[in-house]
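Asks: Structure in C-alpha coordinates, see below.
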Amino acid sequence: MSHTQATTDKMMELATTLTTQTVRNAVREVGINPNYWYPVTWANQLQPGQILAVTIWQQAIALYRTGNGELYALEDACPHKGVALHKGIVQGNHLACLYHGWEFDGMGECVGVPYLPPTQKLPCAKARSYPVQEKYKLIWLFPGDPALAETRQPPDMPEFDNPDWFMVPVSAKMQAHFSICNENSMDVFHGFLHQNLQGWFDPVLKSLRETENTVCAEYDVSYKGRMAKWLGLSDRANEVTTRTISVQYRYPHYYSFLEGVSTLYLMRLPVGPTQSRSFALFFFKIRLPKWFRRLFEPLLQTILERFVFMRFLNQDIEMMESEQQTYLANPQRRYVEINPAIIAIQRLIVRQFDTPRSKDTGILLTEKIEGEPTI
Ligand code: FES
Ligand SMILES: [Fe+2]
(Lines give C-alpha, C1' and ligand atoms only; values in the text may rest on other atoms or scores of the structure.)
(Ligands and ions follow the chains in the order given, each with its own letter.)
Protein backbone atom coordinates (compact mmCIF):
# COMPACT_ATOMS: atom_id res chain seq x y z
CA MET A 1 0.00 0.00 0.00
CA SER A 2 1.36 3.43 -0.91
CA HIS A 3 2.01 6.07 1.69
CA THR A 4 -0.73 8.28 0.28
CA GLN A 5 -3.22 5.44 0.48
CA ALA A 6 -2.29 4.62 4.05
CA THR A 7 -2.79 8.19 5.18
CA THR A 8 -6.21 8.47 3.59
CA ASP A 9 -7.52 5.06 4.67
CA LYS A 10 -9.83 6.55 7.25
CA MET A 11 -12.66 4.32 8.28
CA MET A 12 -16.12 5.70 7.81
CA GLU A 13 -19.18 4.01 9.32
CA LEU A 14 -22.23 4.46 7.14
CA ALA A 15 -25.88 4.27 8.08
CA THR A 16 -27.47 0.93 7.35
CA THR A 17 -30.99 2.25 6.95
CA LEU A 18 -32.56 1.79 3.58
CA THR A 19 -33.50 5.23 2.30
CA THR A 20 -34.41 6.43 -1.14
CA GLN A 21 -31.58 8.01 -3.11
CA THR A 22 -31.30 9.11 -6.70
CA VAL A 23 -28.50 7.24 -8.42
CA ARG A 24 -25.90 9.33 -10.21
CA ASN A 25 -25.22 8.12 -13.71
CA ALA A 26 -21.61 9.35 -13.76
CA VAL A 27 -20.57 5.94 -12.42
CA ARG A 28 -21.68 4.28 -15.68
CA GLU A 29 -19.21 6.40 -17.65
CA VAL A 30 -16.03 6.20 -15.58
CA GLY A 31 -12.91 4.24 -16.47
CA ILE A 32 -10.71 2.14 -14.19
CA ASN A 33 -7.90 2.96 -11.83
CA PRO A 34 -5.17 1.07 -13.73
CA ASN A 35 -2.81 0.87 -10.77
CA TYR A 36 -4.03 -2.56 -9.64
CA TRP A 37 -3.46 -6.14 -10.77
CA TYR A 38 -6.25 -7.46 -13.01
CA PRO A 39 -6.67 -11.13 -14.04
CA VAL A 40 -6.92 -11.63 -17.79
CA THR A 41 -7.13 -15.40 -18.27
CA TRP A 42 -6.81 -18.77 -16.54
CA ALA A 43 -3.17 -19.82 -16.60
CA ASN A 44 -3.94 -23.10 -18.40
CA GLN A 45 -5.37 -21.16 -21.35
CA LEU A 46 -1.85 -20.10 -22.35
CA GLN A 47 0.56 -22.96 -22.98
CA PRO A 48 4.32 -22.56 -23.67
CA GLY A 49 4.88 -21.09 -27.13
CA GLN A 50 1.37 -19.64 -27.33
CA ILE A 51 0.13 -16.05 -27.66
CA LEU A 52 -3.22 -14.75 -26.43
CA ALA A 53 -4.99 -11.48 -27.22
CA VAL A 54 -6.50 -9.89 -24.10
CA THR A 55 -8.06 -6.52 -23.40
CA ILE A 56 -8.04 -4.42 -20.24
CA TRP A 57 -10.19 -1.34 -20.44
CA GLN A 58 -9.78 -0.92 -24.22
CA GLN A 59 -6.04 -1.62 -24.18
CA ALA A 60 -5.30 -4.52 -26.51
CA ILE A 61 -2.46 -6.65 -25.17
CA ALA A 62 -0.58 -9.61 -26.64
CA LEU A 63 0.25 -12.04 -23.87
CA TYR A 64 2.78 -14.77 -24.62
CA ARG A 65 4.47 -17.64 -22.85
CA THR A 66 7.96 -18.74 -23.84
CA GLY A 67 9.01 -22.37 -24.20
CA ASN A 68 10.40 -22.12 -20.66
CA GLY A 69 7.06 -20.99 -19.31
CA GLU A 70 7.94 -17.31 -18.78
CA LEU A 71 5.20 -14.78 -19.34
CA TYR A 72 5.39 -11.47 -21.15
CA ALA A 73 2.79 -8.91 -22.13
CA LEU A 74 3.21 -6.37 -24.94
CA GLU A 75 0.92 -3.81 -26.42
CA ASP A 76 -0.89 -5.60 -29.23
CA ALA A 77 0.41 -3.36 -32.00
CA CYS A 78 3.68 -3.80 -33.87
CA PRO A 79 5.77 -0.59 -33.71
CA HIS A 80 6.63 -1.10 -37.41
CA LYS A 81 3.20 -0.81 -39.03
CA GLY A 82 0.71 -1.61 -36.30
CA VAL A 83 -0.18 -5.20 -37.10
CA ALA A 84 -1.53 -6.99 -34.01
CA LEU A 85 1.37 -8.77 -32.34
CA HIS A 86 -0.85 -11.59 -31.08
CA LYS A 87 -0.93 -12.85 -34.68
CA GLY A 88 2.84 -13.40 -34.46
CA ILE A 89 5.09 -16.28 -33.46
CA VAL A 90 6.98 -17.02 -30.25
CA GLN A 91 10.68 -17.44 -31.10
CA GLY A 92 12.73 -18.40 -28.06
CA ASN A 93 12.05 -15.64 -25.53
CA HIS A 94 10.92 -13.23 -28.20
CA LEU A 95 7.76 -12.42 -30.08
CA ALA A 96 8.09 -12.07 -33.88
CA CYS A 97 5.48 -10.03 -35.72
CA LEU A 98 3.79 -12.05 -38.47
CA TYR A 99 4.08 -9.37 -41.18
CA HIS A 100 7.83 -8.70 -41.62
CA GLY A 101 9.18 -10.78 -38.78
CA TRP A 102 10.51 -7.96 -36.62
CA GLU A 103 11.39 -9.53 -33.32
CA PHE A 104 10.67 -8.05 -29.87
CA ASP A 105 11.94 -9.09 -26.48
CA GLY A 106 9.76 -9.32 -23.35
CA MET A 107 10.37 -5.65 -22.62
CA GLY A 108 9.06 -4.74 -26.08
CA GLU A 109 12.47 -3.74 -27.46
CA CYS A 110 13.11 -4.52 -31.15
CA VAL A 111 15.94 -7.06 -31.17
CA GLY A 112 15.89 -8.26 -34.77
CA VAL A 113 14.77 -7.42 -38.30
CA PRO A 114 15.24 -10.47 -40.55
CA TYR A 115 16.04 -8.50 -43.72
CA LEU A 116 18.35 -5.90 -42.21
CA PRO A 117 21.99 -6.28 -43.33
CA PRO A 118 24.04 -7.39 -40.30
CA THR A 119 26.21 -4.28 -40.53
CA GLN A 120 23.25 -1.97 -40.10
CA LYS A 121 21.90 -0.70 -36.77
CA LEU A 122 18.53 -1.95 -35.56
CA PRO A 123 15.75 0.61 -35.80
CA CYS A 124 14.67 2.29 -32.59
CA ALA A 125 11.28 0.64 -32.11
CA LYS A 126 9.66 -0.34 -28.83
CA ALA A 127 6.28 -1.82 -27.96
CA ARG A 128 4.89 -0.97 -24.54
CA SER A 129 5.33 -3.84 -22.09
CA TYR A 130 3.19 -4.62 -19.03
CA PRO A 131 4.10 -6.24 -15.71
CA VAL A 132 2.60 -9.73 -15.67
CA GLN A 133 2.52 -12.61 -13.17
CA GLU A 134 0.90 -15.99 -12.62
CA LYS A 135 -0.81 -16.64 -9.30
CA TYR A 136 -3.76 -18.76 -8.12
CA LYS A 137 -4.06 -20.42 -11.56
CA LEU A 138 -4.67 -17.00 -13.11
CA ILE A 139 -2.53 -14.64 -15.20
CA TRP A 140 -2.53 -11.09 -13.82
CA LEU A 141 -1.59 -7.87 -15.60
CA PHE A 142 -0.79 -4.45 -14.23
CA PRO A 143 -2.03 -1.89 -16.77
CA GLY A 144 -0.97 1.20 -14.78
CA ASP A 145 2.33 2.81 -13.84
CA PRO A 146 4.86 -0.09 -13.90
CA ALA A 147 6.78 1.54 -11.03
CA LEU A 148 3.79 0.82 -8.77
CA ALA A 149 3.38 -2.84 -9.79
CA GLU A 150 5.74 -4.09 -7.07
CA THR A 151 3.94 -2.14 -4.38
CA ARG A 152 0.59 -3.84 -5.01
CA GLN A 153 -0.38 -7.47 -5.25
CA PRO A 154 -3.31 -9.62 -6.37
CA PRO A 155 -5.71 -10.49 -3.52
CA ASP A 156 -4.40 -12.74 -0.79
CA MET A 157 -6.13 -16.14 -0.80
CA PRO A 158 -5.09 -18.21 2.22
CA GLU A 159 -7.61 -20.94 1.26
CA PHE A 160 -5.77 -21.63 -1.99
CA ASP A 161 -3.88 -24.96 -1.86
CA ASN A 162 -5.28 -25.62 1.61
CA PRO A 163 -6.73 -29.17 1.60
CA ASP A 164 -9.51 -28.15 4.02
CA TRP A 165 -11.07 -26.10 1.25
CA PHE A 166 -12.59 -27.28 -1.99
CA MET A 167 -12.09 -24.79 -4.81
CA VAL A 168 -14.40 -24.14 -7.74
CA PRO A 169 -13.20 -21.72 -10.45
CA VAL A 170 -15.93 -19.91 -12.39
CA SER A 171 -15.59 -17.29 -15.11
CA ALA A 172 -18.11 -15.24 -17.05
CA LYS A 173 -18.52 -12.49 -19.64
CA MET A 174 -21.06 -9.72 -19.38
CA GLN A 175 -22.08 -7.02 -21.83
CA ALA A 176 -22.16 -4.41 -19.08
CA HIS A 177 -20.04 -1.68 -17.52
CA PHE A 178 -18.03 -2.97 -14.55
CA SER A 179 -19.95 -0.72 -12.14
CA ILE A 180 -23.16 -2.59 -12.98
CA CYS A 181 -21.41 -5.92 -12.30
CA ASN A 182 -19.90 -4.67 -9.05
CA GLU A 183 -23.23 -3.41 -7.82
CA ASN A 184 -24.72 -6.83 -8.51
CA SER A 185 -22.04 -8.48 -6.36
CA MET A 186 -22.61 -6.08 -3.46
CA ASP A 187 -26.38 -6.27 -3.72
CA VAL A 188 -27.47 -9.09 -1.45
CA PHE A 189 -31.07 -7.87 -1.77
CA HIS A 190 -31.52 -9.54 -5.14
CA GLY A 191 -32.13 -13.01 -3.67
CA PHE A 192 -35.59 -12.53 -5.19
CA LEU A 193 -34.07 -13.24 -8.60
CA HIS A 194 -32.68 -16.60 -7.52
CA GLN A 195 -35.64 -17.89 -5.53
CA ASN A 196 -36.25 -20.79 -7.92
CA LEU A 197 -32.67 -21.97 -7.26
CA GLN A 198 -33.11 -22.11 -3.50
CA GLY A 199 -30.79 -19.14 -3.00
CA TRP A 200 -30.73 -16.99 0.11
CA PHE A 201 -33.64 -14.96 1.46
CA ASP A 202 -34.63 -12.37 4.11
CA PRO A 203 -31.40 -10.33 3.95
CA VAL A 204 -30.76 -7.62 6.54
CA LEU A 205 -27.94 -5.08 6.20
CA LYS A 206 -26.14 -5.14 9.57
CA SER A 207 -23.12 -2.92 9.11
CA LEU A 208 -21.46 -0.85 6.44
CA ARG A 209 -18.00 0.72 6.40
CA GLU A 210 -16.12 2.65 3.77
CA THR A 211 -12.44 3.51 3.43
CA GLU A 212 -10.44 5.14 0.64
CA ASN A 213 -10.47 1.94 -1.41
CA THR A 214 -12.92 -0.46 0.27
CA VAL A 215 -16.60 -0.86 1.08
CA CYS A 216 -17.43 -3.61 3.57
CA ALA A 217 -21.00 -4.67 4.26
CA GLU A 218 -22.32 -7.32 6.61
CA TYR A 219 -25.68 -8.87 5.95
CA ASP A 220 -27.69 -11.50 7.77
CA VAL A 221 -29.12 -13.94 5.25
CA SER A 222 -31.25 -17.06 5.57
CA TYR A 223 -30.88 -20.37 3.80
CA LYS A 224 -33.01 -23.45 3.42
CA GLY A 225 -33.04 -26.49 1.16
CA ARG A 226 -30.98 -29.50 0.17
CA MET A 227 -28.31 -27.62 -1.78
CA ALA A 228 -27.78 -25.19 1.11
CA LYS A 229 -27.33 -28.15 3.45
CA TRP A 230 -24.84 -29.87 1.17
CA LEU A 231 -22.79 -26.70 0.84
CA GLY A 232 -22.77 -26.37 4.63
CA LEU A 233 -24.95 -23.24 4.62
CA SER A 234 -27.85 -24.65 6.58
CA ASP A 235 -27.91 -27.39 9.22
CA ARG A 236 -31.02 -29.18 8.01
CA ALA A 237 -32.57 -29.08 4.57
CA ASN A 238 -36.07 -28.38 5.88
CA GLU A 239 -35.09 -25.74 8.44
CA VAL A 240 -34.22 -22.09 8.02
CA THR A 241 -30.67 -21.15 9.07
CA THR A 242 -29.58 -17.53 9.37
CA ARG A 243 -25.94 -16.68 8.80
CA THR A 244 -23.83 -13.56 8.51
CA ILE A 245 -22.21 -12.85 5.21
CA SER A 246 -19.49 -10.25 4.84
CA VAL A 247 -19.21 -8.71 1.38
CA GLN A 248 -16.09 -6.64 0.83
CA TYR A 249 -15.36 -4.63 -2.25
CA ARG A 250 -11.64 -3.96 -2.07
CA TYR A 251 -11.17 -2.11 -5.29
CA PRO A 252 -11.13 -3.54 -7.92
CA HIS A 253 -12.11 -7.03 -6.67
CA TYR A 254 -14.59 -8.70 -4.31
CA TYR A 255 -14.26 -10.87 -1.27
CA SER A 256 -17.19 -12.53 0.38
CA PHE A 257 -16.96 -14.57 3.59
CA LEU A 258 -19.70 -16.74 5.00
CA GLU A 259 -18.82 -17.60 8.61
CA GLY A 260 -15.90 -19.88 7.74
CA VAL A 261 -18.19 -22.07 5.59
CA SER A 262 -17.41 -20.57 2.22
CA THR A 263 -15.26 -17.81 0.76
CA LEU A 264 -15.55 -16.20 -2.61
CA TYR A 265 -12.87 -14.19 -4.41
CA LEU A 266 -14.46 -12.49 -7.36
CA MET A 267 -12.05 -10.72 -9.66
CA ARG A 268 -13.37 -8.28 -12.19
CA LEU A 269 -11.78 -7.51 -15.54
CA PRO A 270 -13.19 -4.34 -17.10
CA VAL A 271 -12.81 -4.87 -20.85
CA GLY A 272 -14.52 -1.75 -22.17
CA PRO A 273 -17.36 0.68 -21.41
CA THR A 274 -20.03 -2.00 -21.92
CA GLN A 275 -18.05 -5.20 -21.53
CA SER A 276 -16.69 -6.96 -18.46
CA ARG A 277 -15.39 -10.35 -17.46
CA SER A 278 -15.13 -12.04 -14.11
CA PHE A 279 -12.85 -14.73 -12.71
CA ALA A 280 -14.09 -16.20 -9.47
CA LEU A 281 -12.63 -18.71 -7.06
CA PHE A 282 -15.16 -20.23 -4.65
CA PHE A 283 -13.87 -22.11 -1.63
CA PHE A 284 -16.05 -24.48 0.39
CA LYS A 285 -15.39 -26.45 3.51
CA ILE A 286 -16.80 -29.68 2.15
CA ARG A 287 -15.57 -32.76 3.93
CA LEU A 288 -14.78 -35.40 1.34
CA PRO A 289 -12.45 -38.38 1.60
CA LYS A 290 -9.01 -37.64 0.12
CA TRP A 291 -9.18 -40.50 -2.39
CA PHE A 292 -12.55 -39.24 -3.60
CA ARG A 293 -11.22 -35.73 -4.10
CA ARG A 294 -8.16 -36.96 -5.95
CA LEU A 295 -10.27 -38.95 -8.36
CA PHE A 296 -13.26 -36.70 -8.78
CA GLU A 297 -12.11 -33.15 -8.07
CA PRO A 298 -12.20 -31.93 -11.71
CA LEU A 299 -15.57 -33.63 -12.27
CA LEU A 300 -17.04 -32.16 -9.09
CA GLN A 301 -15.72 -28.72 -10.03
CA THR A 302 -17.36 -28.94 -13.45
CA ILE A 303 -20.67 -30.12 -12.00
CA LEU A 304 -20.73 -27.35 -9.40
CA GLU A 305 -19.74 -24.75 -11.98
CA ARG A 306 -22.31 -25.78 -14.58
CA PHE A 307 -25.24 -26.83 -12.44
CA VAL A 308 -24.93 -24.52 -9.47
CA PHE A 309 -22.92 -21.36 -10.13
CA MET A 310 -23.66 -20.81 -13.80
CA ARG A 311 -27.38 -21.13 -13.14
CA PHE A 312 -27.15 -18.28 -10.63
CA LEU A 313 -24.74 -16.32 -12.80
CA ASN A 314 -26.84 -16.59 -15.94
CA GLN A 315 -29.77 -15.07 -14.10
CA ASP A 316 -27.51 -12.25 -12.90
CA ILE A 317 -26.01 -11.68 -16.36
CA GLU A 318 -29.49 -11.27 -17.86
CA MET A 319 -30.27 -8.56 -15.27
CA MET A 320 -26.94 -6.74 -15.69
CA GLU A 321 -27.18 -6.68 -19.47
CA SER A 322 -30.76 -5.46 -19.32
CA GLU A 323 -29.66 -2.68 -16.97
CA GLN A 324 -26.90 -1.70 -19.41
CA GLN A 325 -29.25 -1.65 -22.42
CA THR A 326 -31.74 0.59 -20.66
CA TYR A 327 -28.92 2.90 -19.63
CA LEU A 328 -27.58 3.13 -23.19
CA ALA A 329 -31.04 3.84 -24.59
CA ASN A 330 -31.30 6.92 -22.39
CA PRO A 331 -28.25 7.90 -20.30
CA GLN A 332 -30.22 10.80 -18.78
CA ARG A 333 -32.79 8.57 -17.12
CA ARG A 334 -32.77 8.78 -13.31
CA TYR A 335 -32.80 5.69 -11.09
CA VAL A 336 -33.73 5.19 -7.48
CA GLU A 337 -31.64 3.15 -5.02
CA ILE A 338 -32.32 2.41 -1.38
CA ASN A 339 -29.27 0.30 -0.41
CA PRO A 340 -26.52 2.55 1.06
CA ALA A 341 -23.91 -0.12 0.21
CA ILE A 342 -24.60 0.40 -3.48
CA ILE A 343 -24.33 4.18 -3.17
CA ALA A 344 -21.03 3.67 -1.31
CA ILE A 345 -19.46 1.52 -4.04
CA GLN A 346 -20.60 3.94 -6.73
CA ARG A 347 -18.79 6.66 -4.81
CA LEU A 348 -15.70 4.44 -4.53
CA ILE A 349 -15.62 3.57 -8.24
CA VAL A 350 -15.80 7.25 -9.22
CA ARG A 351 -13.17 8.15 -6.61
CA GLN A 352 -10.76 5.45 -7.85
CA PHE A 353 -11.13 6.65 -11.42
CA ASP A 354 -10.29 10.18 -10.29
CA THR A 355 -7.28 9.15 -8.17
CA PRO A 356 -4.70 8.34 -10.90
CA ARG A 357 -5.84 11.34 -12.91
CA SER A 358 -5.08 13.53 -9.93
CA LYS A 359 -1.59 11.96 -9.81
CA ASP A 360 -2.31 9.73 -6.79
CA THR A 361 -2.19 12.69 -4.44
CA GLY A 362 -4.28 10.72 -1.98
CA ILE A 363 -6.68 13.62 -1.69
CA LEU A 364 -10.19 12.36 -1.23
CA LEU A 365 -12.37 13.39 -4.10
CA THR A 366 -15.60 12.07 -2.68
CA GLU A 367 -17.16 15.10 -1.18
CA LYS A 368 -19.12 16.47 -4.04
CA ILE A 369 -19.54 14.80 -7.35
CA GLU A 370 -22.02 16.05 -9.86
CA GLY A 371 -25.40 14.45 -9.46
CA GLU A 372 -24.59 13.43 -5.89
CA PRO A 373 -27.49 11.45 -4.48
CA THR A 374 -30.19 13.50 -2.88
CA ILE A 375 -31.79 11.92 0.13
S1 FES B 1 4.17 -4.72 -39.17
FE2 FES B 1 5.16 -5.90 -37.74
S3 FES B 1 7.02 -6.40 -38.68
FE4 FES B 1 6.06 -5.10 -40.07
FE1 LIG C 1 -26.99 -13.03 -8.07
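Asks: Within the bounds of the stretch 130-141, is there any residue that is among the polar types (S, T, N, Q), modelled with pLDDT of 95 or more, more than 14 Å from the chain's Cα centre (by Cα) and not in a loop (DSSP other than H, G, I, E, B)?
Replies: Looking through the stretch 130-141, at least one residue is among the polar types (S, T, N, Q), modelled with pLDDT of 95 or more, more than 14 Å from the chain's Cα centre (by Cα) and not in a loop (DSSP other than H, G, I, E, B).
Asks: Now for a separate question. Of these, Leu74, Leu52, which one is surrounded by 20 or more Cβ atoms within 10 Å (Cβ to Cβ) and not in a loop (DSSP other than H, G, I, E, B)?
Replies: After ruling out the rest, the residue left standing is Leu74.
Asks: Right, next: Just checking, how many residues over the stretch 113-165 are among the hydrophobic types (A, V, I, L, M, F, W, C) and within 16 Å of ligand 1 (Cβ to nearest atom)? Let's see the steps before the verdict.
Replies: Here is the first cut: in the stretch 113-165, the ones among the hydrophobic types (A, V, I, L, M, F, W, C) are 113, 116, 122, 124-125, 127, 132, 138-142, 147-149, 157, 160, 165.
Going one step further and asking which of them are within 16 Å of ligand 1 (Cβ to nearest atom), we end up with 113, 116, 122, 124-125, 127.
Number of matching residues: 6.
Asks: Go through (1) farther than 25 Å from Trp42 by Cβ; (2) without any contact (Cβ under 8 Å) to a residue 24 or more places away in the chain and name the single condition Lys135 misses.
Replies: Result: Lys135 fails condition (1) only.
Asks: I'd like to know if the stretch 165-178 contains one or more residues that are polar (S, T, N, Q), over 26 Å from Thr302 (Cβ atoms) and assigned to a loop (DSSP other than H, G, I, E, B).
Replies: Scanning the stretch 165-178 turns up no residue that is polar (S, T, N, Q), over 26 Å from Thr302 (Cβ atoms) and assigned to a loop (DSSP other than H, G, I, E, B).
Asks: For Asp76, state whether it is acidic (Asp, Glu), more than 16 Å from ligand 2 (Cβ to nearest atom) and more than 30 Å from Thr274 (Cα to Cα).
Replies: Spelling it out, it is not the case that Asp76 is acidic (Asp, Glu), more than 16 Å from ligand 2 (Cβ to nearest atom) and more than 30 Å from Thr274 (Cα to Cα).
Asks: So, of the residues in the stretch 282-320 that are of a type in the set (Asp, Glu) and surrounded by fewer than 16 Cβ atoms within 10 Å (Cβ to Cβ), which turns out to be farthest from ligand 2 (Cβ to nearest atom)?
Replies: Only one residue tops the list, namely Glu297.
Asks: Quick one: Tyr36 ticks every box in (1) buried (at least 20 other Cβ atoms within 10 Å of the Cβ); (2) more than 21 Å from the chain's Cα centre (by Cα); (3) at pLDDT 95 or above bar one, so which box is it?
Replies: Condition not satisfied by Tyr36: (2).
Asks: Taking Val23, is it β-branched (Val, Ile, Thr), surrounded by 17 or more Cβ atoms within 10 Å (Cβ to Cβ) and modelled with pLDDT under 95?
Replies: Here the answer is yes, as Val23 does meet what is asked.
Asks: Answer yes if at least one residue in the stretch 108-120 is under 29 Å from the mean Cα position of the chain (by Cα) and either at pLDDT 95 or above or assigned by TED's automatic domain parsing to the domain that holds His177 (or both), and no otherwise. Quick ask: steps written out before the conclusion?
Replies: Of all residues in the stretch 108-120, those under 29 Å from the mean Cα position of the chain (by Cα) come to 108.
Those left that are additionally either at pLDDT 95 or above or assigned by TED's automatic domain parsing to the domain that holds His177 (or both): 108.
Yes, the stretch 108-120 has at least one match.
Asks: Here is a follow-up. If you check every pair at least six apart or on different chains, which have Cβ atoms under 7 Å apart with a residue in the stretch 107-125 that is in a loop (DSSP other than H, G, I, E, B) first and a residue that is among the small types (Gly, Ala, Ser) second?
Replies: These pairs meet every condition: Met107/Ser129; Gly108/Ala127; Gly108/Ser129; Pro114/Gly101.
Asks: Check off (1) hydrophobic (A, V, I, L, M, F, W, C); (2) within 16 Å of ligand 2 (Cβ to nearest atom); (3) surrounded by fewer than 16 Cβ atoms within 10 Å (Cβ to Cβ) for Val204 and give me the number that stays unchecked.
Replies: Result: Val204 fails condition (2) only.
Asks: Anything in the stretch 81-97 that is within 8 Å of ligand 1 (Cβ to nearest atom) and loosely packed, with under 15 Cβ neighbours inside 10 Å? List them, or say none.
Replies: Lys81, Gly82
Per-residue answers, yes or no, for (1) within 16 Å of ligand 2 (Cβ to nearest atom); (2) out of contact with any helix residue (DSSP H, G or I) (no Cβ under 9 Å at 6 or more places or on another chain); (3) at pLDDT 95 or above:
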| position | (1), (2), (3) |
| --- | --- |
| Pro143 | no, yes, yes |
| Asn162 | no, yes, no |
| Met174 | yes, no, yes |
| Cys181 | yes, no, yes |
| Met186 | yes, no, no |
| Phe192 | yes, yes, no |
| Thr211 | no, no, no |
| Asp220 | no, yes, no |
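Asks: Let me ask something else about it. Can you pull out every residue in the stretch 98-112 that is surrounded by 15 or more Cβ atoms within 10 Å (Cβ to Cβ), within 16 Å of ligand 1 (Cβ to nearest atom) and of a type in the set (Gly, Ala, Ser)?
Replies: Correct list: Gly101, Gly108.
Asks: Okay, next question. Looking at Leu295, is it modelled with pLDDT of 90 or more, part of a helix (DSSP H, G or I) and over 30 Å from Glu323 (Cα atoms)?
Replies: On the way: modelled with pLDDT of 90 or more: no; part of a helix (DSSP H, G or I): yes; over 30 Å from Glu323 (Cα atoms): yes.
When the stated conditions are applied, Leu295 does not pass them.
Asks: When you check Phe189 against the structure, is it in contact (Cβ under 8 Å) with a residue 12 or more places away in the chain and out of contact with any Lys or Arg (no Cβ under 8 Å at 6 or more places or on another chain), yes or no?
Replies: The answer is yes for Phe189.
The values are calculated or read from the model by the stated rules, or taken from the named source; none is laboratory data. This structure is a prediction, so every number in the text was calculated from the model and none was measured. We place every Cβ from the backbone using ideal geometry, glycine too, and count neighbours over all the protein chains shown.
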